[in-house]
Amino acid sequence: MSRSLKVLAAALFFMGSAACGGSGDSSAAEPQQGADDLAEARAQLAAQTSAPTHSAAPQRPLMQVGPWYPATFNMEEPFINLINASPVVWEGGGMNTGEIVAAGLVDKKTLLPTQLPNGKWLNGGIYFPANSPEMNLHWDGDWVLEWEGDADFWIDYLPREMQWRESKNRIVFTRNFKRGKTLDHSRIQIRGLNGPLKSLKLYRKENEEAVKAGKIYNPAFLKGIAGYDIVRTMDIQSANSATIRSVDDLASMETAFWAATDWGNATGEPQFKYPSPVQGMPIEAALRLGTESGKMIWFQAPITLGAPQTLFDSRPEDGRIDIWAARFSDAAGADAVNVIESEEWDVYADAFVEALIASGYPADRPLYVSLANEVWNFGGQYFLTTTYAQRMGWGLAPWLGIPKHNGLREGYGALMARFKLAVDGALERAGRDQSITYVVEGQAAYVELTGAALRGAKAYMDKKGERWAEHAPGFGVSVASYWGYHEGLTESGIDPSDLDALEDYFLNGSDRLLGTRANVLKLFRGAAAQGAQYGVKLIGAYEGGSHFTRPCKTWDPNRGCVEYAMTTAQYREFQWGERGGRINYEINKALADEFPGVILSNYVLAGPPGGQPWFEGPIGAENPYARSWEALMAHEEAAAGE
């Protein structure tokens, strides 16, 4: 998700006609190709009474939640087995993780040790880390570590009296930070190993029955998402950092660690710069969330399928990640036609459908699918896949017969269309009927990027001899519904320490100013208009909620913010108090009222208040901001009963 629109605006400055402003104007350029096909697609959209248009019959909104990424400090704790939330971290015998993997001391399928390095103890990961009292207390309770294989384990950084071996392959231990009896983190230590380790589980003792039943997801997490209709698995899939080129890169259900990614390794500390044998979480595990929760899933597929070389083959000697990303992307762009036509897309699609069936996901339950995440964002962790899509767009433009422009969104759209055709074929081969919406995710502040992506998608369908009118109903467009950006606030002249004035600004400020209620609505109208030009419906938000970080008054280029415009207490009172809850409710309610059937999104489910604005506290938090989502669910139910 976006962290700074100023950074993004600078990055997008060169985008030319593909991003000619942030007005949100509902007008869009008339596509020149296939006018009859487009006219049919538009007519179909107008006839869909379920589409979120102004003339549609009243429909209840759908509530979607996006859990945070897998980490051993994530308070959402989505996985029962905390090992699944960790990247691969094994160190010992004077060797770091990369050296241990390269030496073949880790099984490439399970990512578990096969032998100890030089006969020395092996240390694995950091578990239960925290940077706040809420996080420390979250991990208190009784835990179980159990394994398959002939091994001697120990919970390091935990007093001996707090852990005991119940059996040869099981340690039960207690964390009690509240009483000062445990440190703020622990790690797993293997002191003896005879033969390969087959499995490793770390879970709360209260979840033992669920573990024995083969469940993947934490019952407390499932309870936390119970009021939502859709769960977007973007972050728990590590969609921004897993560079999956083929099914050989996929984690299996036997893989212990589901947060391993090459791009995450590339951008991490030097000792972690190594190619991971597999990446991300298993497809089946992501889809099992729908089975275990009873919710619809919004799945993020990889955008790098068919890439001609691995990420680590592209590594520059100095490890500069901008050059690294460019080399990886340039190699794909130089061979763009072969990349998009690679059989890897079809092989992955077959694996996706196979996992869909194996997961038990119902055939009659809608499913949402997109590629990567925020493929327009050149900031932070996003710029690898954004650069990749741009280079692919440049390489595909002559073949597709479309203007090169910036290439970024056209490349993304063409790859979305390729994935749809691959999954359509896989479903047919498997004899499976599944309602799938292929979501084109766009940047709200530059609605023209949505149109550019659809232009690329249609161009690819045209190239393959497909009728766009037959495929357009299967697509949907989506933008974020965040409120609270600083850019408009700075222009308004409002003093952020005046909390009443700040609330009034976000609820009643001009639609020209980013982050106000009027502006959010305006940008949604623009996205809907861009989709309508191609006969594609607006489905709603892929992410949303507050984006209001504590505003800086005085910035020093060397020291960062040296003076804030709000005290910590004022910020916390505003963001997680009655005002923040009221703003969040009213803006989302306005979206639901204007766009019947719209998807309202909450990113993320839980996290320590005082950090990022999207953190609303532990699961079940009682602060007004957290409760505003429950109020929206009540509004949803009321709308359903009308």
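So if we plug the beta-carbon distance of Lys198 and Arg165 into 1/(1 + (r/R0)^6) with R0 = 25 Å, what FRET efficiency do we get, rounded to 0.05? Present the calculation step by step, with values, prior to reporting the outcome.
On the way: r = 19 Å, r/R0 = 0.74.
It comes out at approximately 0.85.
Would you mind counting up the charge near Ala151? Only other residues with Cβ under 11 Å from its Cβ, with Lys and Arg at +1 and Asp and Glu at -1. Please report the intermediate quantities before stating the final value.
Working: positive: Lys168, Arg191, Lys198; negative: Glu146, Glu148, Asp150, Asp152.
Net charge around Ala151: -1.
List the residues, sorted by chain then number, that are 5 or more residues from Ser481 or on another chain and whose placed amide H is less than 5 Å from its amide H.
Result for Ser481 returns Tyr542, Glu543, Gly544, Gly545.
Quick one: 3J(HN,Hα) in Hz for the stretch 498-508, Karplus 6.51/-1.76/1.60 with θ = phi - 60°, rounded, Gly and Pro as x.
With coefficients 6.51, -1.76 and 1.60, one gets 8, 5, 5, 5, 5, 4, 4, 4, 5, 8, 10 Hz.
Scan around Ser601 for amide H atoms under 5 Å from its own, H built in the peptide plane at 1.01 Å from N, and keep only partners 5 or more places away or cross-chain.
Gln64, Ala541
Convert each backbone phi in the stretch 541-553 into a coupling constant with the Karplus relation 6.51 cos²θ - 1.76 cosθ + 1.60 (shift: θ = phi - 60°), then list the ³J(HN,Hα) values in order as whole Hz, x for Gly and Pro.
These are the phi-based 3J(HN,Hα) values: 9, 8, 9, x, x, 7, 10, 8, 7, 4, x, 8, 9 Hz.
Express the relative contact order of the chain as a whole percentage, based on alpha carbon pairs under 8 Å and six or more residues apart in sequence. Walk me through the numbers before you get to the answer.
Numbers: 1422 pairs, mean separation 119.2, N = 642.
After rounding, I find 19 percent.
Packing-wise, with mean Cβ within 10 Å as the measure, how do 447-460, 370-383, 328-341, 350-363 rank, highest first? All intermediate terms of the calculation are to be shown ahead of the outcome.
On the way: 447-460: 28.4, 370-383: 22.3, 328-341: 20.1, 350-363: 18.1.
In decreasing order of mean packing, 447-460, 370-383, 328-341, 350-363 become 447-460, 370-383, 328-341, 350-363.
Among 509-520, 171-182, 623-634, how do they line up from the highest to the lowest mean number of other beta-carbon atoms within 10 Å? Present the calculation step by step, with values, prior to reporting the outcome.
Numbers: 509-520: 20.8, 171-182: 16.1, 623-634: 18.9.
Highest to lowest by the protection proxy: 509-520, 623-634, 171-182.
Considering only DSSP beta bridges with both partners in the stretch 420-576, what is the antiparallel share in %, to the nearest 5? Before the final figure, lay out each step's value.
Values: 4 of 16 bridges.
Antiparallel bridges: around 25 percent, rounded to the nearest 5.
Can you pull the percent of the chain's accessible area that's carbon plus sulfur, 1.4 Å probe, other chains left in place? Please list the in-between numbers first.
Values: 11720 of 23800 Å².
Whole-percent figure for carbon plus sulfur exposure: 49.
Amide H neighbours of Ile619 under 5 Å, counting only residues 5+ apart in sequence or on other chains, H built in-plane at 1.01 Å?
none
What trypsin sites (Lys or Arg not before Pro) does the stretch 538-615 have in DSSP loop regions with at most 10 other beta carbons within 10 Å?
Values: sites: Lys553, Arg559, Arg572, Arg579, Arg582, Lys589; in loops: Arg559.
Passing both the DSSP loop test and the Cβ count: Arg559.
Just to be sure I understand: if I project the alpha-carbon convex hull of the chain onto a plane and average over all orientations, what area do I get in nm²? Could the numbers behind the result be given before it?
Details: hull surface 111.9 nm².
Hull-based average projected area comes out at 28.0 nm².
What is the calculated FRET efficiency for Ala430 to Ile323, with r their C-beta to C-beta distance and R₀ = 56 Å, to the nearest 0.05?
On the way: r = 42 Å, r/R0 = 0.74.
After rounding, the FRET efficiency stands at 0.85.
Given a 1.4 angstrom probe, what's the average accessible area per residue across the chain, in square angstrom? Intermediate results must be reported in sequence, preceding the final value.
Details: 23800 Å² over 642 residues.
With all protein chains present, the chain gives 37 Å² per residue.
Taking 60 Å as R0, compute the FRET efficiency from the Cβ-Cβ separation of Glu622 and Lys464 and round it to 0.05.
0.70
Taking θ = phi - 60°, what integer Hz values does the Karplus form 6.51 cos²θ - 1.76 cosθ + 1.60 yield along the stretch 352-360, in sequence order, with x for Gly and Pro?
Calculated HN-Hα couplings, in order: 5, 5, 4, 5, 4, 5, 5, 6, x Hz.
Let me have the 222 nm mean residue ellipticity of the chain computed from DSSP H runs of 4+ only, each contributing -39500 (n - 2.57), with the sum over all residues rounded to the nearest 500.
Values: 21 runs with 231 residues, N = 642.
Here the helix-only value at 222 nm equals -11000 deg cm²/dmol.
With a 1.4 Å probe and all protein chains kept in place, how much accessible area does Asp500 have, in Å² rounded to the nearest 10?
100 Å²
Write down the percent of antiparallel bridges among all DSSP beta bridges whose residues are both part of the chain, to the nearest 5.
Values: 37 of 68 bridges.
Antiparallel bridges: around 55 percent, rounded to the nearest 5.
The values are calculated or read from the model by the stated rules, or taken from the named source; none is laboratory data. The shown structure was predicted, so the numbers you read here are calculated from the model rather than taken from an experiment. Note that we place each Cβ from the backbone using ideal geometry, even for glycine, and neighbour counts take in every protein chain shown. Areas reflect the complete protein model, heavy atoms only, side chains present, ligands, DNA and RNA absent. Shrake-Rupley method; radii C 1.70, N 1.55, O 1.52, S 1.80 Å.
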